[in-house]
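Below is one structure; the comments refer to it alone.
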Protein chains: 2
Amino acid sequence: MKNNRSRFITLVLILALAFSNPNKIYAEDGYDLWLRYKKIENRDLLKSYQTVLKNVVIRSETSTFNAAKKELKTALPNLLDSEISFSDLNENGGNLIVALRSDSKFISENVNESELKNLGNEGYLIKSLKSNNIVITGNTEVGILYGVFRFLQQIQQEKDISKLEISDFPKTKIRILNHWDNLDRTVERGYAGFSLWDWFRLPDVVDPRYKDYARANASIGINGSVITNVNANALILTPLYLEKIAKLADVFRPYGIKVYLTARFSAPIELDKLPTADPLDPQVQLWWKNKAEEIYKYIPDFGGFLVKANSEGQPGPQNYNRNHAEGANLLADAVAPFGGIVMWRAFVYDQNVPDDRAKQAYTEFKPLDGKFRDNVIVQVKNGAIDFQPREPFHPLFGAMEKSNIMMEFQITQEYLGFSTHLVFLAPLFEECLKADTYAKGEGSTVASSIDGSMHGQKLTGMAGVANIGTDRNWTGHPFAQANWYAFGRLAWDPYLKSAEIADEWIRMTFSNDEKFVQPVLGMMLISRENCVNYMTPLGLHHIMGRSHHHGPGPWVTGGRPDWTAVYYHRADSIGVGFNRTQTGSNATGQYFKPVADKFNNIETCPEEFLLWFHHVPWNYKMKSGNILWDEICYHYNGGVTAVREMQKSWNSLEKSVDSERFNYVQSLLKIQEKEAVWWRNSCILYFQTFSKLPIPEYIEKSDKTLEEYMKIRELYMPGI
Amino acid sequence: MKNNRSRFITLVLILALAFSNPNKIYAEDGYDLWLRYKKIENRDLLKSYQTVLKNVVIRSETSTFNAAKKELKTALPNLLDSEISFSDLNENGGNLIVALRSDSKFISENVNESELKNLGNEGYLIKSLKSNNIVITGNTEVGILYGVFRFLQQIQQEKDISKLEISDFPKTKIRILNHWDNLDRTVERGYAGFSLWDWFRLPDVVDPRYKDYARANASIGINGSVITNVNANALILTPLYLEKIAKLADVFRPYGIKVYLTARFSAPIELDKLPTADPLDPQVQLWWKNKAEEIYKYIPDFGGFLVKANSEGQPGPQNYNRNHAEGANLLADAVAPFGGIVMWRAFVYDQNVPDDRAKQAYTEFKPLDGKFRDNVIVQVKNGAIDFQPREPFHPLFGAMEKSNIMMEFQITQEYLGFSTHLVFLAPLFEECLKADTYAKGEGSTVASSIDGSMHGQKLTGMAGVANIGTDRNWTGHPFAQANWYAFGRLAWDPYLKSAEIADEWIRMTFSNDEKFVQPVLGMMLISRENCVNYMTPLGLHHIMGRSHHHGPGPWVTGGRPDWTAVYYHRADSIGVGFNRTQTGSNATGQYFKPVADKFNNIETCPEEFLLWFHHVPWNYKMKSGNILWDEICYHYNGGVTAVREMQKSWNSLEKSVDSERFNYVQSLLKIQEKEAVWWRNSCILYFQTFSKLPIPEYIEKSDKTLEEYMKIRELYMPGI
């Protein structure tokens, strides 16, 4: 009897267990980014993780340790589908010990001081020790927080954690997002909804989303955020807004993220009716000194200013016949007492300056080398025009020897398909970073300029124009999240490879299933080249729709020349392309000799930059044997074909991904395919009016005429 | 040995069961609105539900039944925390049978045809039968869908489902939201983020959110949505947008929701360069006929148009010396062949018409009574000015005897604190609906006009200007959701009481815990009167900040008079208030005699409308014994005190609600308290300059002077 009852109870319990988790489907709306802490699917691995990780030893009296603890409390039980205790060291092992060496007997006994020496104030050490103990430590709390995220990523990516020895620290100091957010919450060049910053409800209401923003950034080592548009509004420097911004800074601080603001150069005039904003005027200097004091009262660890001056209509020092260094130093001196910095953009060009737009930034800034204060860093776009699908690296990299210089990449896809095209940008970033400037001989990569090793600069950094907005999935396109992620990883280490970045991201954001990872990896890695192909192959650039920058517009002409398309492609009956060699604008002359020589000679100029540097006849023989005209057509068409391949590939993965994101990406790929066709047809038909050569037979006939394409008017485009 | 092992296994299983749901905290971000299907907390009730509900019998070959089935599949397992089968009728009972009578043997055997007779084409019957069987049926699929939602709400509200007999059908035909959404995604008078409609990505990408929008509306019986701003843009009538709108219509259709659009009267000119938009011009008539045909090709069940004409700058028939009926009939004839309707707004007023703004709509529309086509319905705001915290009912209700007339309520809190003030609007709606017009003697309530019973009109309806946007919780303030909910319930049944609506909503959105429900119910029911008190007591109206309508602005003067504040309060050394009696503008004369008499006589005029209808001396003796001046101060101060009471009340409920929403509401109450103080101080100080009487001692001293308040300039306000 007793046995039967026991068996019955056992059976009941088994059934109860079996039914205790009625199938709850979690919609994957992308909100969790790469911080999805889903139960590990690999059963053996799950078991081994559960064996190793039983207890976490972590204090929580500081806000940063509290943040780290919360992250572990959210992540581990879900990843490991088990209870994890958060308590004192368990003598039997299975502990994750997270602490400063000075705060932990265990760590001081098991980790040498020398192991932390190189970590600096943001690095971490993750080390497996005996008895299944793992330590995460560093020289600072924030470093340890970064270590915690890195550790969790090992599990998310189903790595072996039994023999961990990860010692890492960032290679640049300022790893920062630039939000081109306006005070009315529109986002310039933003395609993911509107601005995250709810100014109206701040400071009283602090949206929970701000914290998730901070977590996401901390997880990839981003330590700063400029939260306002470079086309600046002076109002943000007033108490009304400083009070609100201080609240944001409070949310970011535990995560190691500083707040920065854009400074409108004419603020003294606009806000306090000073008669001038001349950087050498003592009243103006006093005004900025007082303003800085005021800001630092609200935000004691305020990062500093980002400035766009004398560019596209923004006020600046040149309004007073002063130069960029004088302007930058004005602000730099104001924030220096408080440890602040000034990031001064080199994105300058003027239609009244009778020179190739691509040359103007170098022409203005090179002579100023060495004239900037130590706490100024010149922010330079990756290329000399403006974030095109492909640009050769900016000649200022390597050329600025005595001044601090930092990279500005664009994460938001202003010229690469908004948030409707799947384009993984790490290859674009990587291409620029590994480019050889030859500034100090071979091997003088752009990355070595960025990390300070080339010229020994102390202040280093990388900025990314954010693609983040109020859309539920933050970035509009689910795959655009990968660009935010990639930017963070490269800001931390400019030498990383696109493939490893993509691999990390795919596993954490989607799945570790190799049947999914491999095809998606391939798709992502080729996507940037696809985009170049269907938009601007072979060095073509800036041939998009006017103003909103959406869709093809190679015919755009009229008005300011350097805002047209014809200025850049210069198509005529002979050929197409911009002669930037010494026989043309001599933009090549701004590079160091080996680079200049390579670009100057049409034979050695890489074909991907051909039409950037040369005006090339339509019948010029390319390396493939095609004439230029046919090569252009081939690339445009190849881009379209590639998008269709992406669609097929994605469709084949339906079973490996949640239906919500599967459908969403599938729908976006439909748009991308239609737009790739639109680009191909428009550009080929347009350039044909110059080449007068036949379109290759294998290219499907356009369903619209050139006139019909030219008539398209797009209204209410996002981002402007 | 065997026993011990069995016990051991049992113990292991018990522990496994206990630990099988590692505590996963669900953040309550408000996205689920009142459709949160949380496990029933009351254990006994849960058990009884589980006994009764084991199997659901429902087909799913049509999109509406599919929607109903999906809702049940989402809801029941979560509510009941158990497995529910979806399969054929189980002879042992415990079935929920959801079907048309004609499709179900069980229903036809157990439910009489006569029981469905009154249900019309949107009603439902929910009935408990023996053996724990429950049927949900009706004459149409959509009616049954409504029944499914109603049934689930019984469970959500922890009601007894053993003896259900609910027979319900809507009392109005058109139950419709008006979204004042612009094509650039800004929302006029919108305080919950931006427009839901992602025009740029439509039609290819269909945001999953659209479906949740449809579900939420269907759950409260809303069957239509005007998705574009009454300040209309003709572009929406073009194929580019019709293609996108058709996709939205596809998502809404299974949920019984029709799409409507706002029609810009000058569209023939703007879109096709017709020389005129004269409603009597044959070319114009042909244009609208063709346009309707075109629209119905895209959207076969398109609902029709909403029109704002000759109001606040919008074009209309009066531009051609035609009247509103001629304008409405033009469009009505165009959509009539397809079953469409036209909702023509009576919100008209003109600064050049030398008469009280409150009179102008009646003056223009009353003579047109009976001149509108059968498929036109005149849309009238609840009061004669513009959605003030309190207005007497609009004189057109009851007065239009031969034309269809519908209500327009404002759900978005343009004049009641945006989305930062907790104000439950059901009392405002209810007050209007139960007002007696005396059109056909006593008992001629506004509600009886709205439901068609007063004058026998066939086309009936209620419109609500939506408070919905891209904010995660849809409405900005968590409690603003209750206003969307209340609107839906009152559109379905204009005779419902605020208290029962609030009770339903609280239980489903928050908790059935009486310790929570009762205080929150009290808080919600008094919140509208609180708002009236701290903003516009005793009949004061339209004294808010100019343009953005935020904050107090009783001093607003200059420019168009009927857009100032002074026009409405007319404060002088004698007193304050607008004389609308027969000795003044005689707006009272537009009401039926018993009503006019009541308002005309200062003794019988309800004090809540005193200053709406009378210019009253500062020393006038109120019923309380106070003079008017002191009474005004008393109300303003009472409003502030009441908000502080709300704060205390909410603070005491911390343990009964999830921390995310608790904190969010607590933060918003802080803003509300500050703004209530701002209103009180500004208004009392301002009116004191006229009354020249002392502010009662018990009112705390203002921390700002009147001059300081008048200097406040708010920039970048949402909603404009």
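Restricting the search to segment A:425-436, which residues are closer than 18 Å to A:E529 by Cβ and either touching a strand residue (DSSP E or B) at 6+ places or on another chain (Cβ under 8 Å) or crowded, with 24+ Cβ neighbours inside 10 Å (or both)?
Answer for segment A:425-436, where residues must be closer than 18 Å to A:E529 by Cβ and either touching a strand residue (DSSP E or B) at 6+ places or on another chain (Cβ under 8 Å) or crowded, with 24+ Cβ neighbours inside 10 Å (or both): A:L425, A:A426, A:L428, A:F429, A:C432, A:L433, A:K434, A:A435.
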Test A:K598 against the stated conditions and say whether it is open to solvent by 50 Å² or more (accessible area, probe 1.4 Å) and closer than 30 Å to A:E442 by Cβ.
yes
Could you please find all residues in segment A:164-200 being within 19 Å of A:D250 (Cα to Cα) and within 14 Å of chain B (Cβ to nearest Cβ)?
A:S195, A:L196, A:W197, A:D198, A:W199, A:F200
For the list (1) touching a strand residue (DSSP E or B) at 6+ places or on another chain (Cβ under 6 Å); (2) within 14 Å of chain A (Cβ to nearest Cβ), I need the number of the one condition that B:V446 fails.
(2)
Scanning segment B:72-83 for residues that are in a helix (DSSP H, G or I) and open to solvent by 60 Å² or more (accessible area, probe 1.4 Å), which turns out farthest from B:S128 (Cα to Cα)?
B:T74
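Among the residues of segment A:55-74, write down those that are under 24 Å from A:D44 (Cβ atoms) and either within 12 Å of chain B (Cβ to nearest Cβ) or more than 27 Å from the chain's Cα centre (by Cα) (or both).
To start, the set of residues in segment A:55-74 that are under 24 Å from A:D44 (Cβ atoms) comprises A:55-56, A:72.
A:N55, A:V56, listed by residue number.
Among the residues of segment A:680-693, is any at pLDDT 95 or above and loosely packed, with under 14 Cβ neighbours inside 10 Å? Give the derivation first.
The initial filter retains those residues of segment A:680-693 that are at pLDDT 95 or above, namely A:680-693.
Going one step further and asking which of them are loosely packed, with under 14 Cβ neighbours inside 10 Å, we end up with A:689, A:692.
Yes: segment A:680-693 contains one or more residues that are at pLDDT 95 or above and loosely packed, with under 14 Cβ neighbours inside 10 Å.
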Just the residues that are open to solvent by 50 Å² or more (accessible area, probe 1.4 Å) and farther than 20 Å from A:V643 by Cβ, please, taken from segment A:694-713.
A:P694, A:E697, A:T705, A:E707, A:E708, A:M710, A:K711, A:R713
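Based on this model, can you work out whether B:E312 counts as at positive phi and not polar (S, T, N, Q)?
Details: at positive phi: yes; not polar (S, T, N, Q): yes.
Answer is yes for this residue.
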What's the number of the condition A:T51 fails, among (1) modelled with pLDDT of 90 or more; (2) open to solvent by less than 40 Å² (accessible area, probe 1.4 Å); (3) part of a helix (DSSP H, G or I)?
(2)
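Give the residues of segment B:114-127 that are surrounded by fewer than 18 Cβ atoms within 10 Å (Cβ to Cβ) and either basic (K, R) or under 32 Å from the mean Cα position of the chain (by Cα) (or both), sorted by residue number.
Residues of segment B:114-127 surrounded by fewer than 18 Cβ atoms within 10 Å (Cβ to Cβ): B:114-115, B:117-118, B:120-121.
Residues satisfying the conditions are B:E115, B:K117, B:N118, B:G120, B:N121.
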Just to be sure I understand, how many residues within segment B:664-699 are in contact (Cβ under 8 Å) with a residue 40 or more places away in the chain and charged (D, E, K, R)?
3
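So if I check each of A:F609, A:F592, which one is modelled with pLDDT of 95 or more and open to solvent by less than 40 Å² (accessible area, probe 1.4 Å)? Write out each step before concluding.
Details: A:F592 fails: open to solvent by less than 40 Å² (accessible area, probe 1.4 Å).
After applying the criteria, what remains is A:F609.
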Pair list, Cβ under 6 Å, 6 or more apart: segment A:29-50 residue more than 14 Å from chain B (Cβ to nearest Cβ) and touching a residue at least 24 places away in the same chain (Cβ under 8 Å), other residue part of a helix (DSSP H, G or I) and among the charged types (D, E, K, R):
none
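If the requirement is being modelled with pLDDT of 95 or more, more than 14 Å from chain A (Cβ to nearest Cβ), under 24 Å from B:D493 (Cα atoms) and open to solvent by less than 10 Å² (accessible area, probe 1.4 Å), which of these qualifies: B:V111, B:V135?
Working: B:V111 fails: under 24 Å from B:D493 (Cα atoms).
Result: B:V135 is the single residue among B:V111, B:V135 that is modelled with pLDDT of 95 or more, more than 14 Å from chain A (Cβ to nearest Cβ), under 24 Å from B:D493 (Cα atoms) and open to solvent by less than 10 Å² (accessible area, probe 1.4 Å).
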Scan of segment B:522-539 for residues that are open to solvent by 20 Å² or more (accessible area, probe 1.4 Å) and either small (G, A, S) or without any contact (Cβ under 8 Å) to a residue 40 or more places away in the chain (or both), ordered by number
B:G522
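For the condition under 30 Å from B:R661 (Cα atoms) and of a type in the set (S, T, Y), what is the one hit in B:T74, B:T64?
Working: B:T64 fails: under 30 Å from B:R661 (Cα atoms).
Going through B:T74, B:T64 in turn, just one is under 30 Å from B:R661 (Cα atoms) and of a type in the set (S, T, Y): B:T74.
Each row is one residue, and each column tells you yes or no for (1) of a type in the set (G, A, S); (2) within 13 Å of chain B (Cβ to nearest Cβ); (3) under 24 Å from the mean Cα position of the chain (by Cα); (4) within 17 Å of A:E294 (Cα to Cα).
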| residue | (1), (2), (3), (4) |
| --- | --- |
| A:V226 | no, no, yes, no |
| A:T238 | no, yes, no, yes |
| A:P254 | no, no, yes, no |
| A:I257 | no, no, yes, no |
| A:T262 | no, no, yes, yes |
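Among the listed residues B:G303, B:G339, which satisfies the condition of being in contact with a Gly (Cβ under 7 Å, 6 or more places away or on another chain) and either of a type outside the set (A, V, I, L, M, F, W, C) or in the same structural domain as B:N404 (by TED's automatic domain parsing) (or both)? Quick ask: steps written out before the conclusion?
Details: B:G339 fails: in contact with a Gly (Cβ under 7 Å, 6 or more places away or on another chain).
Sole residue among the options that is in contact with a Gly (Cβ under 7 Å, 6 or more places away or on another chain) and either of a type outside the set (A, V, I, L, M, F, W, C) or in the same structural domain as B:N404 (by TED's automatic domain parsing) (or both): B:G303.
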Subset of segment B:189-246, residues in contact with an Asp or Glu (Cβ under 6 Å, 6 or more places away or on another chain), farther than 30 Å from B:T74 by Cβ and surrounded by fewer than 20 Cβ atoms within 10 Å (Cβ to Cβ), comes to B:A234
Residues of segment B:154-188 being surrounded by fewer than 19 Cβ atoms within 10 Å (Cβ to Cβ) and not in a loop (DSSP other than H, G, I, E, B), which ones?
B:Q154, B:E165, B:I166, B:S167
Would you list the helices (runs of 4 or more DSSP H) that sit entirely within segment A:606-704 and hold 2 or more residues that are within 14 Å of chain B (Cβ to nearest Cβ)?
A:628-652, A:659-691
Where the second residue is outside any loop (DSSP other than H, G, I, E, B) and among the basic types (K, R) and the first is in the same structural domain as A:L237 (by TED's automatic domain parsing) and surrounded by 16 or more Cβ atoms within 10 Å (Cβ to Cβ) and lies in segment A:264-289, which pairs have Cβ atoms under 8 Å and are six or more apart or on separate chains?
A:A267/A:K291
How many residues are touching a Ser or Thr at 6+ places or on another chain (Cβ under 9 Å) and open to solvent by 50 Å² or more (accessible area, probe 1.4 Å) if we restrict to segment B:312-354?
4
Check off (1) outside any helix (DSSP H, G or I); (2) without any contact (Cβ under 8 Å) to a residue 60 or more places away in the chain; (3) not small (G, A, S) for B:H550 and give me the number that stays unchecked.
(2)
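Could we say that B:G417 is out of contact with any helix residue (DSSP H, G or I) (no Cβ under 7 Å at 6 or more places or on another chain) and within 14 Å of chain A (Cβ to nearest Cβ) here? It would help to see each step written out before you state the result.
Working: out of contact with any helix residue (DSSP H, G or I) (no Cβ under 7 Å at 6 or more places or on another chain): no; within 14 Å of chain A (Cβ to nearest Cβ): yes.
When the stated conditions are applied, B:G417 does not pass them.
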Within segment A:386-401, identify whether any single residue is outside any strand (DSSP E or B) and within 14 Å of chain B (Cβ to nearest Cβ), and answer yes or no.
no
Within segment A:466-489, is even one residue in contact with a helix residue (DSSP H, G or I) (Cβ under 9 Å, 6 or more places away or on another chain), open to solvent by 30 Å² or more (accessible area, probe 1.4 Å) and of a type in the set (G, A, S)?
no
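The values are calculated or read from the model by the stated rules, or taken from the named source; none is laboratory data. On a predicted model such as this, the values are computed, not experimentally measured, just so you know. Please note: Cβ atoms are built from the backbone with ideal geometry, for glycine as well, and neighbour counts cover all protein chains shown. The accessibility values were calculated without ligands, DNA or RNA, using every heavy atom of the protein model including side chains. Shrake-Rupley method; radii C 1.70, N 1.55, O 1.52, S 1.80 Å.
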